[in-house]
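Here's the structure we're looking at; comments come further down.
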Amino acid sequence: MREHSEIQREIESLRKQLEQHNYNYYVLDKPEITDGEYDVLMKSLKALEAEYPELDSPLSPTKRVGGEVLAGFTKIIHDTPLLSLDNAFNAEDLRAFDKRVKKEVSGPVSYVVEFKIDGLTVALKYVNSTLVTGATRGNGIEGEEVTHNIKTIKSIPMKLNSDLPVDLVVRGEVFMPKSGFQKLNETQTLLGKEAFANPRNAAAGSLRQLDSKIAAARPLDIFVFEVIASSENLALASHFESFEQLKAMGFKMVTPVKFDDMESVIQYCDKMIDERHQLSYEIDGLVVKVDDFEQRRHLGVTVKSPKWAIAYKFPAELAETVINEIRVQVGRTGVLTPLAEFNPVKVAGSVISRATLHNKAYIAEKDIRVGDTVYIQKAGDVIPAVVSVKLDRRPDDTKAYAFPSQCPICETAVIQIEGESAVRCPNAECPAKIKRKLTHFVSRSAMNIDGVGESVIDLLIENDLIETIPDIYCLDQKRAALVAIERLGEKSVENMLAAIEQSKQNDLYRLIHGLGIPLIGEKAAKSLAQYFGSLEELLKADFETLTHISDFGDKMANSLLSTLSNSEFRNQIERLRALGVDLKSEQRIDQEGVFAGKTVVVTGTMQKYTRDEIKGIIESQGGKASGSVSKKTDIVVAGENAGSKAEKAKSLGIRIISETEFDAILKAL
Ligand SMILES: [Zn+2]
């Protein structure tokens, strides 16, 4: 047996390494190890914490994956109120602010300007350099404790990087990057759920969840931008100085820009109206603050807001246009999405001529019609949407829009599942679905088949050369027909066939992703490929096994299993395998689970479990349940009257645990 202190050192070292890698990845954006190497460290730590529950800690990096579920939210009274800011809407407002400041303060004034991140304000409290609570701003006086979700945001340090023990409260903005927001909404739509209107709603909705697994699965991030309260050993003289200190402690920050006069601030604000669209996250304005803390104290606060800061809000990004047509698209899963087509307008820095109308209910609720003058907004600066109708400009001859009752492509009657906003084409052979399915299969993030894009798929379907995914791998038998297609030259046919052949060497995850199983995106496909290692093993998956894959929820498991049990899907897989598409995953990692790779013997009478239940649990945790004790045995679970097997284990120096300890290990999972 190893010394307890030695194990503790190992656990602490693993935690430190993992937090450093989190910092490199999530704050600096400079990972130093691969995801696989990170997983190995995480797995080792998880196993040790499970084996030694007394050494576990709520601050361990293993707790960042979520799992804690609250019964309800607890209110938190902020030690220092989180004030709101006065708003400025134009240059005049900013000049007036400058005048008010100069009236109170003598000497030169420097301003710092920061992005006003469009997210949810939180206060993070550290005692002794350790995160103790995270709370929403609420009404500024009282917020809600969301520590369980805050911990899942990996760019937030659990422990500050500081030589002195520091007590600190910082204010930050939790947000969702544009790319993550887009992906989240795609998933929501696939699930038939309401899409989030903008990244701010998505961030707020994710943080205010009782189940931290939900927050952990959402791409949340944070920027910290202000010290609200600090212990005296942190002597800070200016905002700029505090910025450097916070950054050194491990917080993720945006570098503030410093100006010596208000006219330069105004120029910068003007410039950012357009340039903000190049950022990977949303900002809805800029915050202008007096830099010097002494000057700030002198200026003081009103009941509502500090007198030393003001929020400059960007003008709204709306454009007016006339709808020429409403079109309905059919997606890969059969969901019908209505789009408005209109005269091109410039909004949020780009010219657009179509915008989403979300779904059937949205059109009905706003009574949006062809011929209407409407406002277009680049909601969340990502997806342009029609937000409202100018009814006073409606021509006399418009008619209420009738949402199609048939699929616009295959004319099958559409269905709408109760409680879902999505209307779907149920026809499995709908050409629109088939085309999108095939296009997805060959796409870069899936099988990555070069030279076969959407237009080639169109040609192949038109010429009756493909209809299903396996047909792609029969194309080499149809060379003559391919070369005969006018728009495909002999050379491009050869390249295409070579790329198809090449794809048989792909990693398994590309195939899983390419098959377009509902709810199974690229990330989930990678987890599955790593866990199962081969198509053959994947086909044997059951619910119990799937629950052991990290970040793999019940809904995903159900979706995968119902797809796998579909005979058509299975035929497709069998055809693919027969055609030589039987992919493996190189990166297979050992199956997780506390008993992974261990041989466990159960003996004696148990109180809580039957013998079979215990065996089932051991196997489900990656272990092997064995009937007899030998040198190969790693652990013996001994109930009452354990008798000779326990004796033998003792003589062989094998670790013996009681039913209670076994139970504790499971609870720690
Ligand atoms: Zn259809």
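The values are calculated or read from the model by the stated rules, or taken from the named source; none is laboratory data. Everything numeric here is computed off the predicted structure, so don't read it as measured data. Please note: Cβ atoms are built from the backbone with ideal geometry, for glycine as well, and neighbour counts cover all protein chains shown. What goes into the accessible areas is simple: the full protein's heavy atoms, side chains included, and nothing from ligands, DNA or RNA. Shrake-Rupley method; radii C 1.70, N 1.55, O 1.52, S 1.80 Å.
For the reader, a short list of remarks on this structure follows.
- Condition met for Ala481 (more than 30 Å from Ala364 (Cβ to Cβ), open to solvent by less than 20 Å² (accessible area, probe 1.4 Å) and either touching a Phe, Trp or Tyr at 6+ places or on another chain (Cβ under 7 Å) or away from the ligand (no atom under 16 Å from the Cβ) (or both)): no
- Taking the criterion of being charged (D, E, K, R) and open to solvent by 60 Å² or more (accessible area, probe 1.4 Å), the residues of the range 98-123 that qualify are Lys99, Arg100, Lys102, Lys103, Glu104.
- The one condition in (1) on the phi > 0 side of the Ramachandran plot; (2) surrounded by fewer than 16 Cβ atoms within 10 Å (Cβ to Cβ) that His358 fails to fulfil: (2)
- Only one of Val301, Val265, Val257 that is of a type in the set (A, V, I, L, M, F, W, C), over 26 Å from Ile383 (Cβ atoms) and crowded, with 20+ Cβ neighbours inside 10 Å: Val265
- From the list Asp476, Asp458, the lone residue that is assigned by TED's automatic domain parsing to the domain that holds Ser445, under 19 Å from Arg436 (Cα atoms) and either outside any loop (DSSP other than H, G, I, E, B) or modelled with pLDDT under 90 (or both) is Asp458.
- Count of residues meeting criterion [open to solvent by less than 70 Å² (accessible area, probe 1.4 Å), over 35 Å from the mean Cα position of the chain (by Cα) and among the aliphatic types (A, V, I, L, M)] in the range 366-399: 1
- Residues being closer than 17 Å to Glu294 by Cβ, touching a residue at least 24 places away in the same chain (Cβ under 8 Å) and among the aliphatic types (A, V, I, L, M) - total across the range 230-254: 3
- Unmet requirement for Asp450, which otherwise passes all of (1) in the same structural domain as Pro470 (by TED's automatic domain parsing); (2) open to solvent by 30 Å² or more (accessible area, probe 1.4 Å); (3) within 16 Å of the ligand (Cβ to nearest atom): (3)
- Beta carbons closer than 9 Å, at least 6 apart along the sequence or on distinct chains, pair a first residue in the range 396-414 that is closer than 13 Å to Val328 by Cβ and of a type in the set (Ser, Thr, Tyr) with a second that is more than 7 Å from the ligand (Cβ to nearest atom) and not in a loop (DSSP other than H, G, I, E, B) for Tyr401/Ile326; Tyr401/Pro338; Tyr401/Ile363; Tyr401/Ala364; Ser405/Ala413.
- Leu508 being touching a residue at least 60 places away in the same chain (Cβ under 8 Å) and in contact with an Asp or Glu (Cβ under 9 Å, 6 or more places away or on another chain): yes
- Search result, residues across the range 132-150 that are closer than 19 Å to Asp167 by Cβ, open to solvent by 10 Å² or more (accessible area, probe 1.4 Å) and not in a strand (DSSP E or B): Thr147
- Filter result for Arg276 (loosely packed, with under 15 Cβ neighbours inside 10 Å and not in a loop (DSSP other than H, G, I, E, B)): no
- Count of residues meeting criterion [under 15 Å from Val452 (Cβ atoms) and assigned to a helix (DSSP H, G or I)] in the range 485-531: 16
- Residue pairs whose Cβ atoms lie under 8 Å apart, sitting 6 or more positions apart in sequence or on different chains, and linking a residue in the range 642-669 that is in the same structural domain as Ser626 (by TED's automatic domain parsing) and open to solvent by less than 60 Å² (accessible area, probe 1.4 Å) to a partner that is of a type in the set (Phe, Trp, Tyr) and assigned to a helix (DSSP H, G or I), do not occur here.
- Ala235 aliphatic (A, V, I, L, M) and surrounded by 14 or more Cβ atoms within 10 Å (Cβ to Cβ): no
Quick grid of which residues meet (1) within 16 Å of the ligand (Cβ to nearest atom); (2) at pLDDT 90 or above; (3) under 30 Å from Leu279 (Cβ atoms); (4) touching a helix residue (DSSP H, G or I) at 6+ places or on another chain (Cβ under 7 Å):
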position: Ser350; (1), (2), (3), (4): no, no, yes, no
position: Ile368; (1), (2), (3), (4): no, yes, no, no
position: Ala379; (1), (2), (3), (4): no, no, yes, no
position: Val389; (1), (2), (3), (4): no, yes, no, yes
position: Arg394; (1), (2), (3), (4): no, yes, no, no
position: Gln406; (1), (2), (3), (4): yes, yes, no, no
position: Ala413; (1), (2), (3), (4): yes, yes, no, no
position: Glu418; (1), (2), (3), (4): no, no, no, no
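- The range 61-97, subset of a type in the set (S, T, N, Q) and either closer than 21 Å to Val169 by Cα or at pLDDT 90 or above (or both), residue surrounded by the fewest Cβ atoms within 10 Å (Cβ to Cβ): Thr80
- Hey, Ala422 within 11 Å of the ligand (Cβ to nearest atom), modelled with pLDDT under 90, among the aliphatic types (A, V, I, L, M) and in a loop (DSSP other than H, G, I, E, B) or not: no
- When Phe225, Phe196 are screened for being within 24 Å of Ala361 (Cβ to Cβ) and either in a loop (DSSP other than H, G, I, E, B) or open to solvent by 30 Å² or more (accessible area, probe 1.4 Å) (or both), only Phe196 passes.
- Any hit, the range 467-474, residues being out of contact with any helix residue (DSSP H, G or I) (no Cβ under 7 Å at 6 or more places or on another chain) and more than 16 Å from the ligand (Cβ to nearest atom): yes
- Restricting attention to the range 308-348, the residues being outside any strand (DSSP E or B) and open to solvent by 50 Å² or more (accessible area, probe 1.4 Å) number 3.
- The residue of the range 425-437 that is modelled with the highest pLDDT, among those that are within 9 Å of the ligand (Cβ to nearest atom) and hydrophobic (A, V, I, L, M, F, W, C), is Cys425.
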